[in-house]
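K.L.:
Pasting a structure here, questions to come.
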Amino acid sequence: MITLQEPPILTTPCVRVRTSYLVGEQADMMRRGSDTAWLREASLDFDRFVDDRVGVRQRWGVPTELLWFASAEYYIGSVVIRHQLTEDEGGGHIGYHVVYPWQRQGHATQMLRSALGKCTALGIARALLTVAPDNQASLTVVRRNGGVADGINHEGELRFWVDTSASA
């Protein structure tokens, strides 16, 4: 196991993690049996790939921001923060993903805690998170961050509300 020399933080997408991003995402996609073709374009022009992901963009019809969780040159995962909920509330405010090589090391819990802090700064007092019922790891992460169950959404995912001020 690699020992990180500095604690990972949420950061804007950056080129310094190029190799670990590409390797981590490829390993993760292959493990899930997903298509890795999109990584070819990313590997050919990583600077442009990163530029296309920086800043607040309209995604799903709402302002959305992508952040990476990294330690020095190591990419660990990503967080998507919707600055407001979509009309159907699908996906909630926060989505997160830890690439396979870094899973089961507590990173997702820390990523979500940091994302909740970002939500506080955006004026989001309570963040909605949705989790597939069979995703035990994510259910644990949400509960560790104070998630309070609130039924099931139209996509069959479990809904949780989290007080963002608890992350401060």
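The values are calculated or read from the model by the stated rules, or taken from the named source; none is laboratory data. Since this is a predicted model, take the numbers as computed values, not measurements. Counting neighbours? That spans all protein chains shown, and the Cβs are built from the backbone with ideal geometry, glycine included. Note: areas computed on protein heavy atoms with side chains; ligands, DNA, RNA excluded. Shrake-Rupley method; radii C 1.70, N 1.55, O 1.52, S 1.80 Å.
K.L.:
Looking only at segment 117-137, filter to residues that are over 20 Å from Arg59 (Cβ atoms) and part of a helix (DSSP H, G or I); which one of those is most open to solvent (accessible area, probe 1.4 Å)?
P.N.:
Per the criteria, the residue is Gln136.
K.L.:
Just the residues that are surrounded by fewer than 22 Cβ atoms within 10 Å (Cβ to Cβ) and farther than 22 Å from Arg104 by Cβ, please, taken from segment 70-84.
P.N.:
His83, Gln84, listed by residue number.
K.L.:
Let me ask something additional. Looking only at segment 53-63, decide whether some residue is modelled with pLDDT of 95 or more, in contact with a Cys (Cβ under 7 Å, 6 or more places away or on another chain) and outside any strand (DSSP E or B).
P.N.:
no
K.L.:
Based on what the data block shows, is Gly91 in contact with a Ser or Thr (Cβ under 9 Å, 6 or more places away or on another chain) and at pLDDT below 95?
P.N.:
Considered against the rule, which asks whether it is in contact with a Ser or Thr (Cβ under 9 Å, 6 or more places away or on another chain) and at pLDDT below 95, Gly91 comes out as yes.
K.L.:
Residue under question is Ser114, and the condition is that it be surrounded by 16 or more Cβ atoms within 10 Å (Cβ to Cβ), out of contact with any strand residue (DSSP E or B) (no Cβ under 6 Å at 6 or more places or on another chain) and under 20 Å from Arg53 (Cβ atoms); does it hold? Break it down into steps so the answer makes sense when it comes.
P.N.:
Numbers: surrounded by 16 or more Cβ atoms within 10 Å (Cβ to Cβ): yes; out of contact with any strand residue (DSSP E or B) (no Cβ under 6 Å at 6 or more places or on another chain): no; under 20 Å from Arg53 (Cβ atoms): yes.
Answer is no for this residue.
Okay, residues lined up against (1) surrounded by 15 or more Cβ atoms within 10 Å (Cβ to Cβ); (2) of a type in the set (A, V, I, L, M, F, W, C); (3) more than 18 Å from Val99 (Cα to Cα):
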| residue | (1), (2), (3) |
| --- | --- |
| Met29 | yes, yes, no |
| Leu39 | yes, yes, no |
| Ala42 | yes, yes, no |
| Arg48 | no, no, yes |
| Asp52 | no, no, yes |
| Gly55 | no, no, yes |
| Gln58 | no, no, yes |
| Glu65 | yes, no, yes |
| Trp68 | yes, yes, no |
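K.L.:
Checking Ser20 against (1) open to solvent by less than 30 Å² (accessible area, probe 1.4 Å); (2) at pLDDT below 95; (3) more than 16 Å from the chain's Cα centre (by Cα), only one condition comes out false. Which one?
P.N.:
All conditions pass for Ser20, except number (2).
K.L.:
Which residue is surrounded by the fewest Cβ atoms within 10 Å (Cβ to Cβ), if the candidates are limited to segment 1-17 and must be of a type in the set (A, V, I, L, M, F, W, C) and out of contact with any strand residue (DSSP E or B) (no Cβ under 9 Å at 6 or more places or on another chain)?
P.N.:
The extreme case among them is Met1.
K.L.:
Quick check on segment 85-104: of everything there that is within 18 Å of Tyr75 (Cβ to Cβ) and touching a strand residue (DSSP E or B) at 6+ places or on another chain (Cβ under 8 Å), which residue is least open to solvent (accessible area, probe 1.4 Å)?
P.N.:
Filtering segment 85-104 for residues within 18 Å of Tyr75 (Cβ to Cβ) gives 95-104.
Remaining after also requiring touching a strand residue (DSSP E or B) at 6+ places or on another chain (Cβ under 8 Å): 95-99, 102.
On the way: Gly95: 28, Tyr96: 52, His97: 45, Val98: 17, Val99: 0, Trp102: 22 Å².
Checked segment 85-104; the qualifying residue least open to solvent (accessible area, probe 1.4 Å) is Val99.
K.L.:
Does at least one position in segment 31-43 carry a residue that is without any contact (Cβ under 8 Å) to a residue 60 or more places away in the chain and either closer than 28 Å to Leu122 by Cβ or assigned to a strand (DSSP E or B) (or both)?
P.N.:
yes
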